Each structure stands twice: as C-alpha cells, then as structure tokens.
There are 4 protein chains.
Amino acid sequence: MKSTACLLLSSCYKPGIVAGISQFFKERDLNILTFEQHSDEGRFFTRVEWEDDGRWKNQEDFRSEFQSCAVDVCAEFSVHFFSAKQTLGLFVSKEPHALVEFLARWEMGEYANTEVSFIVSNTEDSKVFADRYAIPFFYVPTKKGSTDHEAEQLQIIQKFNPDFIGLARYMKVLTKDFIDRADCRIINIHHSFLPAFVGAKPYEMAHEKGVKLIGATSHFVIPELDQGPIIEQDVTRVKAGDSIPKLKQRGRDTEKRVFANALSKVLEHKVIIYKGRTMVFE
Amino acid sequence: MKSTACLLLSSCYKPGIVAGISQFFKERDLNILTFEQHSDEGRFFTRVEWEDDGRWKNQEDFRSEFQSCAVDVCAEFSVHFFSAKQTLGLFVSKEPHALVEFLARWEMGEYANTEVSFIVSNTEDSKVFADRYAIPFFYVPTKKGSTDHEAEQLQIIQKFNPDFIGLARYMKVLTKDFIDRADCRIINIHHSFLPAFVGAKPYEMAHEKGVKLIGATSHFVIPELDQGPIIEQDVTRVKAGDSIPKLKQRGRDTEKRVFANALSKVLEHKVIIYKGRTMVFE
Amino acid sequence: MKSTACLLLSSCYKPGIVAGISQFFKERDLNILTFEQHSDEGRFFTRVEWEDDGRWKNQEDFRSEFQSCAVDVCAEFSVHFFSAKQTLGLFVSKEPHALVEFLARWEMGEYANTEVSFIVSNTEDSKVFADRYAIPFFYVPTKKGSTDHEAEQLQIIQKFNPDFIGLARYMKVLTKDFIDRADCRIINIHHSFLPAFVGAKPYEMAHEKGVKLIGATSHFVIPELDQGPIIEQDVTRVKAGDSIPKLKQRGRDTEKRVFANALSKVLEHKVIIYKGRTMVFE
Amino acid sequence: MKSTACLLLSSCYKPGIVAGISQFFKERDLNILTFEQHSDEGRFFTRVEWEDDGRWKNQEDFRSEFQSCAVDVCAEFSVHFFSAKQTLGLFVSKEPHALVEFLARWEMGEYANTEVSFIVSNTEDSKVFADRYAIPFFYVPTKKGSTDHEAEQLQIIQKFNPDFIGLARYMKVLTKDFIDRADCRIINIHHSFLPAFVGAKPYEMAHEKGVKLIGATSHFVIPELDQGPIIEQDVTRVKAGDSIPKLKQRGRDTEKRVFANALSKVLEHKVIIYKGRTMVFE
C-alpha cells in the first residue's frame, strides 16, 4: 500500500476554491483519495488526502509550491505526510482503562504510523502496561498542592520531543507554564459531558444532579481547566438506582472509547481548531 | 381490560419491606402486575401496580388501610387509580413540534386515561392544533419584561384545575408566585442537555462551544430557572459544519420525543421526586 | 433566500474528476455550496449543490452542457432544481403514525419544495389527517388475496403523476405490474431491521427470536418483498419483559422517524442507487 | 464487603408469588439487596440477590429448604453463591480484540469472582495475552473441513472443567457432539445483528446488502449455527462510503463491548433461558 499525505485548510469563502485546490493536484497528476469540505459562519474548511509520490520532502517544500493557491483565499493550512512517523507521549494516573484501550487499538494497527514515545505516571501501577509494549515508563510522583513534579515531566518531554501528548485519565491539573513549555498539542479525556461538570468529581456531580445520561469529552488542553476545544463526546444511559461507583463503571467504557476515537481523529490529521472549537472531518 | 392502580413509595431501608408490602396485597387477594424496587443512598423506592377491584374509593381510603404497613419504614407514599381520569393543561409559544407530537401520541391512546383540559399560548399559531381536537384554546399575549399575563393564566388554571401542566416549548419564564399558585406539577422541555446551556439560547451556546452532541431535557419546574428535577434526557449527534438553524432542526426531533416520553412517565405515575432529583421506574 | 440546484453523479474513478467538475462550475461563476464525494468498490459518487442562477431551464438543458464533462468518466448523473415543485403521493393503512409524523414535519417546512398530491388508504381512518391539510383523499378498499384495487390506485397515480410515492405503513404487497406502471420511485417503511424479519409480522418474529433491539428500515420498493435498496435504518432497545404490543408501541417512534428522515434524503436528492444498495449523502 | 447470593426463578403466574418469595427471606432475617421481576407470555421471572450469611453450603442445601416455596408455582430455579469462585475457559482465533477487552475488564475486577482457567486458540498469536495474566494457553491447530481438533479441546475442557466457555471470536463451527460433551454453557460473539447475516462473512454480507447499521450479537451456543438464545446485541452506524475493512474496524468496538457485557450478565447470574430466548435482568 502506498503512503498518503493530507492537507488541512481553512479559508474565507470564495467561489472557485474547490476548483483551485483540485486543479493544484490535477496539474501534478496526484491521485486525490478523499476531498471533504465544510463551512461554518462564512469560513470554509477542507481536507484533501492523496497518494503521496514523495515529491515534497516536508511541510516547507509543499508550502512554497501551494502558497500561491492559498493566498487568494487567505487560507491557513498544514500538510502531513503519513510516511513520516509521528510520536505520542502518554500521561496516566491510577485508573488505566483509557491507556489500556488506546494501547490495545494501537497494537492492532488502528493508528496512522504512530510511535508511543513514553508513558509518565504519578503511580507505579501502569508500569506493567508500558512494559508489555517496551515503552519507556517514568514514575514522577506528585504532591497535593505542589507543581514541583512539572520540572521533571518537562525534562522527559524535552528529551523525547513528542508531536502529541495524550492525558489518559491523568488527574493533576496542568499549569499554564507547563502547557506553554510542552509546546505540542495535548489531548485530554474528561469524564463528563462538557460543559457540564467541570473539575475533579464529575460522577459525584452527575449523581447529585440526577442526570439521565453520563458522558465523556475528549478535548485539547488549554490553561483554562476543561475549557479547550472539544474533539469528541459520547454518552451512555444511567439506569434507575445507579450508585456513584456504578456510574463510574458505566462511564469507563464511554471514556476509553471517546479518548481512543479522539486520538484517532488527531493522529489522522482530521481536526482543525478555530474560535475555541473544532471542525472534525470524517 | 380491567383497570389498574399503582402505589409509589419511598422509605428508609429495612429488611422485610418487600415482604411487608407484598403481603399487604396478598392478604387482600389483589393481583400484582409489576413490582419494581430501586435504592439510592440508603433510601428505598418501590412502585407496585395491581389489578384494581374497586375496593378503595380514593387516596384517603387506601391510606387509612396501608398506613400501618408504611409506618414501620417511615415511608412516604401516594396511590393512583387509573380508572380516574387525570387532566393536563398545555402551554406553548411559537414552535409547535412538542405540542404536536404529544397530541399525536395522545390521540393514539398512548397516555393513561388523560384529558387535555386546555391549551394556553402567547401566539395564535397553535389554535389550529387545539381546534383539531376540540381542546379549549386561550390566547394570552405576553409582553417582554412584564408578568401581567400570569393573572389571566392563573384564572384559566383555577377554572380547569388540572392535575398537571406541560410546557411544550413555552418560552416565558414562570415567576415563583405563579408556580406557587398554579399548585400542580409543571413539566417543562428545555432544549439542551442540562445542566449545560441554561436559559434562552441553548443552540447558540452549543454551537459556540462546539459540543459534538446536542440534547434535550424534560424536568419539573421550580422557581430556579432550568434547575428542577430531571425526568428524561436524550441527545443527538452534531454533524461537521452544522449551522445554528440546522442544530435547531436536528434538536426538534429529540425535544419532542423527550417531552412526550417524560409526560408518559409522569402520567403513568412512574416518577418519585427526592433530593432535587427523580427516581423513574420502567 | 436564493434557490439552489444539485447534481448527483456516479462515475468510474479517474484522477482529476474533482477538478473537472469544480472547474465546470467555476467557469460559469456558479457558487458551490456543498461538494461531497465518496467511493465504493472503485466507483466514485459526487453530489454538488450550488446557487441556481436560472441559466438552465431543465435537466436536458443542463445535460447538453455538462455532457462533455461526464463522458470522460463514464458518469451517470441527474440534476434537480429546487425551484421546481416536486410532488409526492402517500399510501397508508390502519396505523397513521408514519403519515402523521411526515405531515407534521412537512407542515413545518422541513421538506424541500414538495407538494403532497394525494393520500390513498384502504381504511377511512386517515381521511381526517388528509382533511387537516386539504390533501385529496381516496378510499380504495382492498380484499385479502385480491389485487383488484390496484387498477383504481393506478388511475389516481396517472391522474396526479407524482414524482415519488411514500408507503407510510401501507400493509398490502404491491405487485410487480403495479410497480412497473406506477413508474416513479416508491419509498416504503418496514417495521424491522432488514434483512431480518421480512413480511407481515416482524414484531411477533422479533419477540419470538428474543432480539434485544428492534428496528425499522426505509427502502425503495422493488418487486421482491422488502428487498429494495435501503435508504435509512434505526433501532431502539427492548426492555426485559416487553410484550408484543409494547414492542409495537416502542417501534412506532423509530418507524416514523426513519420514514421521515428517509423521505428527507430522497426529496433533497441525496440518494444514489447502485448495485441494489444506496449511497446517501449528508 | 460481605458476599451475596442470588436466586434465579421462573414460574407460572400466581397471585402471592412475590409475597411468598419475600416472606421466605424475611423469615430467615436475610437482607434482600435487589428483587426484580418480569413476565412474558404468562410466565413469571424473578431474580433476588441477598446478603449471604453462609447458612447454605451449596445449591442442594438451599434447594431442600426453598422447595416448598417453589412447588406452589411450578417454579424452576437455581441459586448461586458469589463467595464461590466460578471458572471460565476462553477460545479465540486470529482476531484478539474481544479477548483483550474481556481480560482488561476482568483485570479491573468487573466480573464477579471469576477465574479464567485457560485459553485455547488455533493460532499462536494470542499466547502473548495469556502470558500477561499467567493463564494456561493451549495451541490446538485446526484444519479446514476437519473436526479432529475437538478431541484435544475436549481433553482440556475435561481437565479444567470450567463453569462457562466464552468464544471470543473463535472462528470454527462447533459440532453437536462437542457441545454435548463440553457440558457447560458456551457464550459466543457473532459479528452481525442476528438473525441477519448468519455464518462466516457477515461484514461482507452487510456491505453487499447496504445496511445502514452494523451490529454484534452475543448468544448461547446450540448445535444450530448462530441460532442460540441471544444475550446482548448492539449496533453502530455505517458512514457513506465505508469499505468492508472499515466496517470490520468499526464493528470491532461493538463486538468486544457486546461480548464483555454479555459475559458480565452471565457471570452475575442475570440470565434465564426459556423458549429459545433469554430474560436478562438489570
């Protein structure tokens, strides 16, 4: 199977934009595999995936050629070549279900050319999962009310320099400083249907409020807690008489599925962030 | 088909409570049709439905006999005889979909022995639906910032004295005074997945936030806006590029279904309110 | 709001097809609103919707101009101008829920420029619904084992010459001869998740088999019973102890939603039939 | 946490049955935790779970005392003490996702006091998963058209004598003789929404037919292929243009969830088989 590449583009709307983009690929005899467009509030979003013939070595290479096409429509764009391995670091705390699910799918080859660079945890419980796949594991203990652990975590990040970080139920809040320095997209799974039930105890809050569905939300991390652009959400039905532990158990299945699916969208470069929200392609 | 009656009971937990209740019906040779129990935080919730042989004329009649059974377990209970017609008043504003759906199901006999006493609206658009079923229709105009219309509405309520009021997308906030004087359970449909997006513009807020599912919530009305005990909720998936009008259209189907199903639970006496939330039986 | 037009096209796959089609519209300064493509087994499916400037009077007019663009890719295509009213005839038997739901949505303007030409029924029960909207109603009684009624039905069809016929829970099997002569797309709602439970008693079969979800399927009608290309399907969960009448009640909500959504896809020209199945666009 | 026990009972319907059963536990001062009843076609199904005080050593012990209670209502019943470890053998072929999901949940303690006795496979691929949990693994190769492997498999079963066997995507058909000799409940996961698409290639059949939802079904195994009593089912939506490999990938998530949930119901003794179908308790 040949490798593919994809273009993510957002632009103002102008008649002829589809023609312009498709013409660019036609002139170069490149085989378009999928061409998807959506619009929102006058902004136009495109994702094109094509069979990569290796003509462009990197982003800059592509950019210099495509720029004239983009300038007409004040477009912002990025390109990704799936022949290039991308790297992911994972953070986890006590509960391993989101981590385990991601690793199981990753092992089955469901993620596009991705290497898991490392796993960081504030407990040693998840070392066993890292060991199964020979992934470097770092135990970085945390203390309540302290952010001292972030220095060590940042050293790990700087060493491996991952393209993405996934927070697979990592239960410490990240500081703005950490987020700035990590300098890569960070994807979190929150155990509620956001914007409802922000913070540390969403199942307790859901039980107290008496909602009839519980949910999970995967989003990009920004300094404001649980406020980043939402990538994927899902819910499951509460049954009459469900206790808080029962809600937690029911929720686990939703959390791990939502996290795994969100990472799939991110790693396949199907997400554009704009105005604090996302456009997610099929 | 014989008529049935049902008991709704909440109590502290004590061994033998199921035996006590079932023995009560056995001693009277009454045929139990369904017997459902749930517990939550040490509280015990029961609904029993039986074939009614007409031995009790009313609540008080039943109460005097059942009281000794209840006293042991500090139970609160109510009984409903489905042979007795119950009455419902409906409020609606401009958008008729929740009203139309309820009336269509009601016409098919899906609701237990219920009469629709009247429809009140602040537009004349829904008169046509009232006329279809020969339901008394009252046009009570409202003015922004004013609550003058409530006096006229309360006169209508006092005249018909309904057991329940359903707010089928009625878009004026009810005052505490109105709720107190109406003196009956009021069921609302709110066009979001509460507790997210309280207030008048939930689809606009959902679009702004970029949630991936939109929902609807039917709840009992209390003076705090959109904070009453939740009866039923459901969601539907947003598609990439959905505009606000598209979200509203998608949402209508969820709203009308949730409202119709919530009224079904209420009119079949399958809902117990406690601690600001509900226990809903099958 | 300006009117729009849409192109439905299926073709063999050839690099440059997106460029070719989009160039066709660009050269004519036509504003593309949505451009959606999918592929299946080497076949390529496109739907384009654009702002119609009235330059083409009809299909043939468009065809003569677009033909050269299509010939390269051995495309089959059709075009629809939404400024042109399209017409729909409806058939119904005893149970009106699918009819009532469709009419309620139609009344709210959810269907693209569509006129309901007539309603045919083998009971008089649905006349009341036709009368509400002043739609011509024809009572055509049917006899078990006989197809004599088809002659009268065909006279009605020939008189109104509808673009589509919707079978809103019409419970007589159509003969091949009738389907041939009706000479328009016929859309049925079947009360099971096809291909399971073909025929007259799907809820009874679902109960007997003990399935945990019951479904509904909307499909185009072909002479083979319940075998036509599927347009839309959905399911709902069975609860422990559901009787056959309870299944039928639960199923009604799914049936009417699936039928209404399928008609929406058909009337918005978002369905291409191929190889006995369908490609349905967003 | 104290251990619990549960009674599964099916009986003809007779007034007083709830009273009779609950009285039995009350007289013995046993604390009922859940008491759930359903009926179907005049048959009555009960599950009672109570805090076990160890008074009964085993089924027979309980049976001799409860018999008089059951005889009145021609009941069939079984009792299970969750203090007793139960054992499960697992079969798997090439695709490990259902096995991996079950083991991950099992590792998190989601299944009631269950030991995985062994894993049998006709490939060596799954040995790695068995090794992770130190579960005995047996590679028993199979040949097309031959049932010679069953002798070796039966030896393993006879050695470990498991209470249940789970077929976690085991792709060989079991003979009637094997099923008889295995002499325990066997639970399968089939990768379609049964009764649609029986046999080896359900995703290919689903694609060919053009269904809009694909499903998975977990059922007890009987000699007739894919015809046994259904325990649990679920579906997921197909997207326009999904290829067969894409359907298989989407389906995996449904398959593993349905299998894990069905085993949960079986291992918590929440399933009664009757008339070729099941009653599944909450």
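The values are calculated or read from the model by the stated rules, or taken from the named source; none is laboratory data. Nothing here was measured: the structure is a model prediction, and the numbers come from that model. For neighbour counting, all protein chains shown are included, and Cβ atoms are generated from backbone atoms with ideal geometry for every residue, glycine included. Each accessible area value is taken on the protein alone, full model and side chains, heavy atoms only, with ligands, DNA and RNA left out. Shrake-Rupley method; radii C 1.70, N 1.55, O 1.52, S 1.80 Å.
Data for the structure
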quantity	calculated
Residues that are touching a Ser or Thr at 6+ places or on another chain (Cβ under 6 Å) and under 26 Å from D:V235 (Cβ atoms), drawn from the range D:173-186	none
Selection count, the range D:260-273, where residues are in a strand (DSSP E or B) and either at the interface with another protein chain (Cβ under 9 Å from one of its Cβ atoms) or crowded, with 20+ Cβ neighbours inside 10 Å (or both)	2
Residue in the range B:87-109 that is surrounded by fewer than 22 Cβ atoms within 10 Å (Cβ to Cβ), among the hydroxyl-bearing types (S, T, Y) and modelled with pLDDT under 95 present	no
D:A200 vs. criteria open to solvent by 70 Å² or more (accessible area, probe 1.4 Å), modelled with pLDDT under 95 and over 16 Å from D:K256 (Cβ atoms)	yes
Yes/no for B:W56 being in contact (Cβ under 8 Å) with a residue 12 or more places away in the chain, in a loop (DSSP other than H, G, I, E, B) and not charged (D, E, K, R)	yes
Long-range neighbours under 6 Å by Cβ, at least six apart or interchain, first residue more than 14 Å from chain B (Cβ to nearest Cβ) within the range A:240-259, second open to solvent by 50 Å² or more (accessible area, probe 1.4 Å)	none
Residue tally, condition out of contact with any strand residue (DSSP E or B) (no Cβ under 6 Å at 6 or more places or on another chain), within 11 Å of chain B (Cβ to nearest Cβ) and of a type in the set (K, R), over the range A:198-213	1
Subset of the range A:214-239 that is open to solvent by 10 Å² or more (accessible area, probe 1.4 Å), assigned to a strand (DSSP E or B) and facing chain B (nearest Cβ under 10 Å) - its residue that is nearest to A:A182 (Cα to Cα)	A:E232
Tally, over the range D:167-181, of residues that are open to solvent by less than 60 Å² (accessible area, probe 1.4 Å) and either in contact with a helix residue (DSSP H, G or I) (Cβ under 6 Å, 6 or more places away or on another chain) or farther than 28 Å from D:I273 by Cβ (or both)	3
Which numbered condition D:C184 fails, given (1) open to solvent by 10 Å² or more (accessible area, probe 1.4 Å); (2) within 11 Å of another protein chain (Cβ to nearest Cβ)	(2)
Residue that is of a type outside the set (S, T, N, Q) and part of a loop (DSSP other than H, G, I, E, B), where the choices are A:A112, A:A70	A:A112
Some residue of the range C:78-91 being assigned to a helix (DSSP H, G or I), more than 14 Å from chain B (Cβ to nearest Cβ) and among the charged types (D, E, K, R)	no
Within the range D:187-197, considering residues that are assigned to a loop (DSSP other than H, G, I, E, B) and in contact (Cβ under 8 Å) with a residue 40 or more places away in the chain, the one nearest to the other protein chains (Cβ to nearest Cβ)	D:F193
Residues of the range C:123-163 classified as open to solvent by 20 Å² or more (accessible area, probe 1.4 Å), away from every other protein chain (no Cβ under 14 Å) and touching a residue at least 12 places away in the same chain (Cβ under 8 Å), total	13
Filtered residues of the range C:2-24 (kept if at the interface with chain A (Cβ under 7 Å from one of its Cβ atoms) and outside any loop (DSSP other than H, G, I, E, B))	C:V18, C:A19, C:S22, C:Q23
Options C:D131, C:D125; residue that is within 28 Å of B:R257 (Cβ to Cβ) and either in a helix (DSSP H, G or I) or in contact with a Cys (Cβ under 6 Å, 6 or more places away or on another chain) (or both)	C:D131
Selection within the range A:27-60 - among the basic types (K, R), surrounded by fewer than 20 Cβ atoms within 10 Å (Cβ to Cβ) and closer than 29 Å to D:S243 by Cα	A:R28, A:R55
Test for C:C74: is it open to solvent by 60 Å² or more (accessible area, probe 1.4 Å), over 24 Å from the mean Cα position of the chain (by Cα), under 29 Å from C:G276 (Cα atoms) and modelled with pLDDT under 90	yes
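One line per residue, one yes/no per condition, for (1) in contact with a strand residue (DSSP E or B) (Cβ under 8 Å, 6 or more places away or on another chain); (2) closer than 16 Å to C:F220 by Cβ:
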| site | (1), (2) |
| --- | --- |
| C:S121 | yes, no |
| C:S126 | yes, no |
| C:D131 | yes, no |
| C:S146 | no, no |
| C:H149 | no, no |
| C:Q155 | no, no |
| C:A182 | yes, yes |
| C:F193 | yes, no |
